[in-house]
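Colleague: Take this structure first; my questions come after.
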Amino acid sequence: MADDKENKKIGLKTTLDMVVEGCRLPVKMSILPNEEEEWPLAEILSRKEEKGKLEFYVHYIDFNKRLDEWVLPDRLRVEELQFPKKDQKTPQKQNSSAANSRPTTPDRELQDKKTTVDRSESDSPSPSLLSKKLSLPEQSSPAAKLGGQGQTPQSQTKSNAGRKRKAIFLDEDSQDAPATPQPSAPPQQPRQTGSMSSSHDENIITRIKNMETIELGKYRIKPWYFSPYPPELTTISIVYICEFCLKYVKSRKCLERHRTKCTLRHPPGNEIYRKSTISFFEIDGRKNKMYSQNLCLLAKLFLDHKTLYYDTDPFLFYVMTEYDIKGFHIVGFFSKEKESTEDYNVACILTLPPYQRKGYGKLLIEFSYELSKFEGKTGSPEKPLSDLGLLSYRSYWSQTILEILVNLKPENGERPQITINEICELTSIRKEDVISTLQHLNLINYYKGQYIITLSQESIDTHNRAMAKRKIRIDAKCLHWTPKDWAKRGKW
Ligand code: ACO
Ligand code: ZN
């Protein structure tokens, strides 16, 4: 009997020895999205043994990388172990999201000509009298457009906009000046826009979360992804971050000492918007380098598909805060290139986890388009979008476009008319995004030789209900900002 037990133990030990990097097997997930996926297939990314305790770092194949975690052997179904196939690679589906989350771009652009919006039942493909239709011009068929196009061709960067970026690696003691990049610094990408450039990082170090918990103001937050904080901070359980200047320290004591010296009660830069308790601060990545770098480091903890660069000079950072008696607390931010050859109006966008799913993401997006309206331009977020980024943008685009369509008034008893270009001008949403949103909403129909948009009463009601929930909105009157022409200024 004792022998049997011993043999089983040896058997288990041998099997666990075989569980190495690249193997796949079902693993019990700690956060269960639904019962059926209790034991999803996972890939072993790493293993460690500390004080006789064996642990495995796993990536759940069909889930976002933020759910990756260290697990004990009892959560592995070792009897179903699959050894790595020669050319097997962890799908980048969830972490790079480039392939599956980019909105489709039409193969051929729809021509922008005015057509009528019909309200009569006889002309409508929908039987509903209440349905609103909006005509789209005859061009390519929707089917032809759905295939989508790859990313826009890499434009040859001129002037400052295409300058090479270096990776951030900061010393704790010298947060004013970036230290020499470490050997594990993310590789330079061929296309480098964004204070964090899009990354398809295969480096095993950067695929493993390196920080356990951060404390920021009144919140303790569990990071989602790797961020290149100094290695000595990755071995401690809580890293303390000053919520106003974003300096990071290794203990509460250090933070308290820091707070006696740090006088900030709001982000640096200019407050360019204030309504009620919400403010936006514009921070120049060149003038406030340390803050901008610390902001990038913090953001990287929740942004997976971006690589960090420590040349923050080409960027402006728009930090959204919520005010209370203690100060202006950071809620989220987006970064924006001073000059974007692709007309991106957002490089990276983030709502800090304690504030997520409360409408702040959409508020940040709305603000970014408000800036574009002031600039008299259309804009689009830098690609690829993350899974949550795509959800938020889709939702914002849909609501913004529907708001316009629903409020269209008939002219002289005629059917209301609008062109795609007019929607772009009114919203500053780029044409491709307007078209992909209309397609995604399945509003485009082909009828009697032309493209029309049909809005059923049901979709109008759904839209009105969603808008009623959007309590906080950007009020353009509260924005005090003049766009700068960075190309003319000669330097950032
Ligand atoms: N699951 C399902 N839906 C979600 C989730 C979620 N976890 N999070 C947001 N959504 C949906 C919401 O339901 C909402 O849609 P709805 O109003 O139609 O229901 C929409 O997304 C926006 O929700 P908000 O509350 O306004 O957005 P939030 O404050 O949560 O911020 C953001 C969204 C910024 C994407 C946030 O999730 C985040 O910071 N994520 C980590 C960083 C990231 O991925 N950034 C985007 C990268 S792409 C780029 O940088 C260009
Ligand atoms: Zn501080």
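The values are calculated or read from the model by the stated rules, or taken from the named source; none is laboratory data. Fair warning: this is a prediction, and the values are worked out from it, not measured in the lab. Using ideal geometry, Cβ is built from the backbone for each residue, glycine included, and neighbour counts are taken over all protein chains shown. All accessible areas refer to the heavy atoms of the entire protein, side chains included, with ligands and DNA or RNA removed. Shrake-Rupley method; radii C 1.70, N 1.55, O 1.52, S 1.80 Å.
Colleague: Please go through the residue pairs Lys253/Lys336; Lys218/Lys484; Lys218/Lys358; Lys373/Lys409; Lys48/Lys289; Lys306/Lys326 and name each one whose alpha carbons sit more than 27 Å apart in this structure. Spell out each step's value before the answer.
Modeller: Values: Lys253/Lys336 35 Å; Lys218/Lys484 36 Å; Lys218/Lys358 18 Å; Lys373/Lys409 23 Å; Lys48/Lys289 37 Å; Lys306/Lys326 32 Å.
Result: Lys253/Lys336; Lys218/Lys484; Lys48/Lys289; Lys306/Lys326 exceed 27 Å.
Colleague: Kindly write out, for the range 236-252 in residue order, the coupling ³J(HN,Hα) from the Karplus curve 6.51 cos²θ - 1.76 cosθ + 1.60 (θ = phi - 60°), rounded to whole Hz, with x marking Gly and Pro.
Modeller: Ordered by residue, 3J(HN,Hα) equals 9, 6, 10, 9, 9, 10, 5, 6, 9, 9, 6, 5, 10, 9, 8, 8, 4 Hz.
Colleague: List the chymotrypsin sites (Phe, Trp or Tyr not before Pro) within the range 250-292 that fall in a DSSP loop (any state other than H, G, I, E or B) and whose Cβ has at most 11 other Cβ atoms within 10 Å. All intermediate terms of the calculation are to be shown ahead of the outcome.
Modeller: Numbers: sites: Tyr273, Phe280, Phe281, Tyr291; in loops: none.
When the chymotrypsin sites (Phe, Trp or Tyr not before Pro) of the range 250-292 are filtered for loop state and at most 11 Cβ neighbours within 10 Å, nothing remains.
Colleague: Could you please state how large a percent of the accessible area of the range 231-307 is carbon and sulfur, counting protein chains only and using a 1.4 Å probe?
Modeller: Details: 1600 of 3210 Å².
That fraction is 50 percent.
Colleague: Continuing with this model, one more query. With every protein chain present, what is the per residue accessible area of the range 381-458 (1.4 Å probe, Å²)?
Modeller: Result: 42 Å² per residue.
Colleague: Quick one, can you get me the convex hull of the C-alpha atoms of the range 361-489 expressed as volume per residue in Å³?
Modeller: Working: hull volume 20.8 nm³, N = 129.
Spread over its residues, the Cα hull of the range 361-489 gives 161 Å³ apiece.
Colleague: Using the Karplus equation 6.51 cos²θ - 1.76 cosθ + 1.60 (θ = phi - 60°), what ³J(HN,Hα) coupling, rounded to whole Hz, does each residue of the range 78-84 give in order, writing x for Gly and Pro?
Modeller: Running phi through 6.51 cos²θ - 1.76 cosθ + 1.60 with θ = phi - 60° gives 5, 5, 10, 4, 10, 7, x Hz.
Colleague: Which number do you get for Rg(Cα) / (2.2 N^0.38 Å) in the range 247-387? Please list the in-between numbers first.
Modeller: Details: Rg = 15.2 Å, N = 141, 2.2 N^0.38 = 14.4 Å.
Against the empirical 2.2 N^0.38 Å value, I get 1.05 for the range 247-387.
Colleague: Give me the number: length gained by fully extending Asp324 to His440, i.e. 0.36 nm times residue separation minus the C-alpha to C-alpha distance, one decimal in nm.
Modeller: Numbers: separation 116, 0.36 × 116 = 41.76 nm, distance 3.99 nm.
Answer, rounded to one decimal: 37.8 nm.
Colleague: Enter the Cα centre distance for the pair the range 55-83 and the range 379-439, rounded to the nearest angstrom.
Modeller: 41 Å
Colleague: Quick one: what are the phi-derived ³J(HN,Hα) couplings along the range 418-430, Karplus 6.51/-1.76/1.60 with θ = phi - 60°, whole Hz, x for glycine and proline?
Modeller: Computed from phi, the couplings for the range 418-430 are 7, 10, 4, 4, 5, 4, 4, 5, 5, 10, 6, 7, 5 Hz.
Colleague: Mind ranking 61-70, 229-238 by how tightly packed they are, going by the mean number of other C-beta atoms within 10 angstrom, highest first? Don't skip to the answer; put the middle values down first.
Modeller: On the way: 61-70: 18.0, 229-238: 14.4.
Packing proxy ranking, top to bottom: 61-70, 229-238.
Colleague: To continue, here is another question. Please report the carbon-and-sulfur percent of the accessible area for the range 339-472; probe 1.4 Å, protein heavy atoms only, DNA, RNA and ligands left out.
Modeller: Values: 2720 of 5670 Å².
So the carbon and sulfur contribution to the accessible surface is 48 percent.
Colleague: How much accessible area per residue does the range 279-323 have, counting only protein heavy atoms and a probe of 1.4 Å, in square angstrom? Spell out each step's value before the answer.
Modeller: Values: 810 Å² over 45 residues.
Ligands and nucleic acids excluded, the figure is 18 Å² per residue.
Colleague: Rank these by accessible area, largest first, 1.4 Å probe: Tyr447, Tyr248, Tyr355. Could you put the intermediate results ahead of the total?
Modeller: Details: Tyr447 60, Tyr248 0, Tyr355 25 Å².
Output order, biggest surface exposure first: Tyr447, Tyr355, Tyr248.
Colleague: Another question about this same structure. Mind checking the range 202-252 for trypsin sites (Lys or Arg not before Pro) that DSSP puts in a loop (not H, G, I, E or B) and that have at most 12 other Cβ atoms within 10 Å? Mind dumping the intermediate values first?
Modeller: Working: sites: Arg207, Lys209, Lys218, Arg220, Lys247, Lys250, Arg252; in loops: Arg207, Lys209, Lys218, Lys247, Lys250.
Of the trypsin sites (Lys or Arg not before Pro), the ones in loops of the range 202-252 whose Cβ has at most 12 other Cβ atoms within 10 Å are Lys218.
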